[in-house]
1. Rounded, prolate or oblate: which fits region 1-113 when a ≥ b ≥ c are the square roots of the eigenvalues of the alpha-carbon gyration tensor, with rounded for a/c under 1.5 and prolate only if a/b beats b/c?
2. In Å and from the alpha-carbon atoms only, list the Rg and Dmax of region 100-193.
3. Counting only Cα, what are the radius of gyration and maximum Cα-Cα distance Dmax of region 45-96, in Å?
4. Of the listed pairs 33/109; 33/108; 38/109; 30/140; 33/140; 109/133, which have alpha-carbon separations greater than 28 Å here?
5. For residue 154, list long-range residues whose amide hydrogen, built 1.01 Å from N in the peptide plane, is under 5 Å from its own amide hydrogen.
6. Computing the accessible area with a 1.4 Å probe over protein heavy atoms, can you report the carbon and sulfur percentage for the chain?
7. Just the number please: accessible area per residue for the chain, 1.4 Å probe, all protein chains included, in Å².
8. Please work out the C-alpha center-to-center distance from region 1-40 to region 121-193 and express it in whole Å.
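The values are calculated or read from the model by the stated rules, or taken from the named source; none is laboratory data. In this text, all values refer to a predicted model and were calculated from it rather than measured experimentally. Each accessible area value is taken on the protein alone, full model and side chains, heavy atoms only, with ligands, DNA and RNA left out. Shrake-Rupley method; radii C 1.70, N 1.55, O 1.52, S 1.80 Å.
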Amino acid sequence: MTYTQPTLPYANDALEPAISEATVNFHYGKHEKTYIDKLNELIKGSEFEDMDLEEVIRHAEGPLYNNASQAWNHIFYFFSFSPSGSREPHGRLREEIDRTFGSFEQFKKAFEDAGTGLFGSGWVWLSSDENGKIFITQGKNAESPITSGLRPLLCFDVWEHAYYLDYQNRRADALKQLWSIVDWDVVENRYED
Ligand code: MN
(Lines give C-alpha, C1' and ligand atoms only; values in the text may rest on other atoms or scores of the structure.)
Protein backbone atom coordinates (compact mmCIF):
# COMPACT_ATOMS: atom_id res chain seq x y z
CA MET A 1 0.00 0.00 0.00
CA THR A 2 1.16 3.51 -0.75
CA TYR A 3 -0.27 6.34 1.31
CA THR A 4 -1.18 9.57 -0.42
CA GLN A 5 -1.69 12.92 1.22
CA PRO A 6 -5.36 13.96 1.14
CA THR A 7 -6.16 17.38 -0.31
CA LEU A 8 -7.45 19.81 2.31
CA PRO A 9 -11.17 20.61 2.07
CA TYR A 10 -10.42 24.37 2.06
CA ALA A 11 -7.98 26.79 0.41
CA ASN A 12 -4.55 27.24 2.02
CA ASP A 13 -5.43 30.82 3.04
CA ALA A 14 -8.91 29.91 4.39
CA LEU A 15 -7.78 29.59 8.03
CA GLU A 16 -6.34 33.11 8.24
CA PRO A 17 -5.74 34.91 10.52
CA ALA A 18 -5.55 31.99 13.01
CA ILE A 19 -3.18 30.04 10.72
CA SER A 20 -1.56 31.87 7.80
CA GLU A 21 -1.35 30.60 4.24
CA ALA A 22 2.45 30.39 4.63
CA THR A 23 2.09 28.11 7.65
CA VAL A 24 -0.39 25.82 5.85
CA ASN A 25 1.99 25.72 2.86
CA PHE A 26 4.92 24.65 5.03
CA HIS A 27 3.14 22.64 7.70
CA TYR A 28 0.77 20.60 5.53
CA GLY A 29 2.58 21.02 2.22
CA LYS A 30 6.10 20.18 3.42
CA HIS A 31 6.22 18.79 6.98
CA GLU A 32 3.23 16.49 6.53
CA LYS A 33 4.33 15.46 3.05
CA THR A 34 7.72 14.44 4.45
CA TYR A 35 6.10 12.24 7.14
CA ILE A 36 4.01 10.49 4.48
CA ASP A 37 6.96 10.04 2.11
CA LYS A 38 9.05 8.62 4.95
CA LEU A 39 6.17 6.33 6.05
CA ASN A 40 5.91 4.92 2.50
CA GLU A 41 9.66 4.37 2.38
CA LEU A 42 9.69 2.54 5.74
CA ILE A 43 6.70 0.21 5.20
CA LYS A 44 7.85 -0.90 1.75
CA GLY A 45 8.56 -4.63 1.86
CA SER A 46 7.94 -4.81 5.63
CA GLU A 47 5.33 -6.74 7.65
CA PHE A 48 3.44 -3.42 7.96
CA GLU A 49 3.00 -2.92 4.23
CA ASP A 50 -0.66 -3.98 4.03
CA MET A 51 -1.89 -2.70 7.40
CA ASP A 52 -4.11 0.31 7.60
CA LEU A 53 -2.49 3.36 9.17
CA GLU A 54 -4.09 2.97 12.61
CA GLU A 55 -2.84 -0.64 12.78
CA VAL A 56 0.66 0.51 11.90
CA ILE A 57 0.47 3.05 14.76
CA ARG A 58 -0.70 0.33 17.18
CA HIS A 59 2.11 -2.07 16.30
CA ALA A 60 5.15 -0.17 15.03
CA GLU A 61 8.03 1.26 17.03
CA GLY A 62 10.86 3.69 16.44
CA PRO A 63 11.08 5.68 13.19
CA LEU A 64 8.11 3.86 11.62
CA TYR A 65 5.89 4.63 14.61
CA ASN A 66 7.02 8.26 14.59
CA ASN A 67 6.37 8.80 10.89
CA ALA A 68 3.11 6.82 10.78
CA SER A 69 1.77 8.64 13.81
CA GLN A 70 2.84 12.06 12.57
CA ALA A 71 1.29 11.32 9.16
CA TRP A 72 -2.03 10.42 10.85
CA ASN A 73 -1.90 13.24 13.44
CA HIS A 74 -1.47 16.01 10.87
CA ILE A 75 -4.34 14.82 8.69
CA PHE A 76 -6.53 14.63 11.80
CA TYR A 77 -5.37 18.10 12.92
CA PHE A 78 -5.93 19.88 9.60
CA PHE A 79 -9.28 18.16 9.00
CA SER A 80 -10.51 19.45 12.40
CA PHE A 81 -10.57 23.00 11.02
CA SER A 82 -12.78 24.83 8.57
CA PRO A 83 -13.39 28.45 7.64
CA SER A 84 -17.07 27.98 8.60
CA GLY A 85 -18.85 25.43 10.75
CA SER A 86 -19.94 25.18 14.39
CA ARG A 87 -17.67 27.04 16.80
CA GLU A 88 -19.15 25.31 19.84
CA PRO A 89 -20.01 21.69 20.52
CA HIS A 90 -23.66 20.66 20.85
CA GLY A 91 -25.49 17.50 21.72
CA ARG A 92 -23.98 14.61 23.67
CA LEU A 93 -20.41 15.84 23.36
CA ARG A 94 -21.38 19.23 24.78
CA GLU A 95 -23.09 17.53 27.72
CA GLU A 96 -19.99 15.43 28.36
CA ILE A 97 -17.72 18.49 28.15
CA ASP A 98 -19.91 20.42 30.60
CA ARG A 99 -20.08 17.44 32.97
CA THR A 100 -16.35 16.75 32.86
CA PHE A 101 -14.89 20.26 32.82
CA GLY A 102 -17.71 22.40 34.26
CA SER A 103 -18.26 24.44 31.09
CA PHE A 104 -17.03 24.84 27.51
CA GLU A 105 -14.95 27.85 28.62
CA GLN A 106 -13.27 25.80 31.35
CA PHE A 107 -12.61 22.98 28.90
CA LYS A 108 -10.91 25.39 26.48
CA LYS A 109 -8.75 26.78 29.29
CA ALA A 110 -7.73 23.28 30.44
CA PHE A 111 -6.91 22.28 26.84
CA GLU A 112 -4.81 25.40 26.26
CA ASP A 113 -3.00 24.89 29.60
CA ALA A 114 -2.18 21.29 28.68
CA GLY A 115 -0.79 22.53 25.34
CA THR A 116 1.30 25.35 26.80
CA GLY A 117 2.46 23.12 29.67
CA LEU A 118 3.93 20.43 27.43
CA PHE A 119 7.72 20.85 27.46
CA GLY A 120 9.24 20.56 23.98
CA SER A 121 7.38 19.17 20.96
CA GLY A 122 4.13 17.27 20.91
CA TRP A 123 0.36 17.38 20.89
CA VAL A 124 -2.56 18.07 23.19
CA TRP A 125 -5.50 15.72 22.70
CA LEU A 126 -9.17 15.39 23.55
CA SER A 127 -10.14 11.71 23.40
CA SER A 128 -12.91 9.41 24.54
CA ASP A 129 -12.93 5.88 25.91
CA GLU A 130 -15.35 3.05 25.10
CA ASN A 131 -17.84 4.42 27.67
CA GLY A 132 -17.89 7.88 26.12
CA LYS A 133 -15.86 9.42 28.95
CA ILE A 134 -13.60 12.20 27.68
CA PHE A 135 -10.02 13.08 28.59
CA ILE A 136 -7.40 15.72 27.86
CA THR A 137 -3.93 14.22 27.43
CA GLN A 138 -0.51 15.44 26.36
CA GLY A 139 1.58 13.49 23.86
CA LYS A 140 5.30 14.04 23.40
CA ASN A 141 6.68 14.19 19.85
CA ALA A 142 4.51 11.83 17.74
CA GLU A 143 2.58 10.17 20.61
CA SER A 144 -1.02 9.28 19.80
CA PRO A 145 -3.95 8.29 22.08
CA ILE A 146 -4.59 5.45 19.59
CA THR A 147 -1.65 3.65 21.23
CA SER A 148 -3.50 3.79 24.59
CA GLY A 149 -6.74 2.47 23.11
CA LEU A 150 -8.49 5.85 23.20
CA ARG A 151 -10.48 7.42 20.40
CA PRO A 152 -9.03 10.81 19.36
CA LEU A 153 -11.57 13.63 18.98
CA LEU A 154 -9.44 16.78 18.64
CA CYS A 155 -5.76 17.71 18.72
CA PHE A 156 -3.66 20.86 18.69
CA ASP A 157 -0.12 20.61 17.37
CA VAL A 158 2.32 22.27 19.77
CA TRP A 159 5.51 21.62 17.77
CA GLU A 160 7.16 24.98 17.06
CA HIS A 161 6.77 24.40 13.30
CA ALA A 162 2.98 24.67 13.82
CA TYR A 163 3.06 28.28 14.97
CA TYR A 164 6.52 29.83 14.69
CA LEU A 165 5.97 31.68 11.37
CA ASP A 166 2.81 33.36 12.70
CA TYR A 167 3.36 33.66 16.46
CA GLN A 168 7.14 33.11 16.95
CA ASN A 169 7.56 31.92 20.56
CA ARG A 170 3.99 32.74 21.69
CA ARG A 171 2.53 29.23 21.86
CA ALA A 172 -0.29 30.24 24.21
CA ASP A 173 -1.52 32.92 21.76
CA ALA A 174 -1.34 30.45 18.87
CA LEU A 175 -3.45 27.86 20.70
CA LYS A 176 -6.05 30.42 21.79
CA GLN A 177 -6.60 31.47 18.15
CA LEU A 178 -7.30 27.91 17.02
CA TRP A 179 -10.74 27.96 18.68
CA SER A 180 -11.85 30.34 15.91
CA ILE A 181 -11.30 27.64 13.25
CA VAL A 182 -12.21 24.35 15.01
CA ASP A 183 -15.18 22.74 13.27
CA TRP A 184 -17.18 21.19 16.11
CA ASP A 185 -19.46 19.36 13.66
CA VAL A 186 -16.41 17.31 12.66
CA VAL A 187 -15.39 16.73 16.30
CA GLU A 188 -18.90 15.68 17.27
CA ASN A 189 -19.09 13.22 14.40
CA ARG A 190 -15.88 11.60 15.66
CA TYR A 191 -17.48 11.26 19.10
CA GLU A 192 -20.80 9.89 17.80
CA ASP A 193 -19.26 7.45 15.29
MN1 MN B 1 3.14 19.56 12.95
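1. Numbers: a/c = 2.60, a/b = 1.54, b/c = 1.69.
Verdict is oblate for region 1-113.
2. Taking only Cα atoms of region 100-193, I get Rg and Dmax of 13.1, 40 Å.
3. 15.8, 46
4. Numbers: 33/109 31 Å; 33/108 30 Å; 38/109 35 Å; 30/140 21 Å; 33/140 20 Å; 109/133 19 Å.
Violating the 28 Å Cα-Cα cut-off are 33/109; 33/108; 38/109.
5. Placed amide hydrogens put 126 under 5 Å from residue 154.
6. Values: 4630 of 9440 Å².
That fraction is 49 percent.
7. 49 Å²
8. 16 Å
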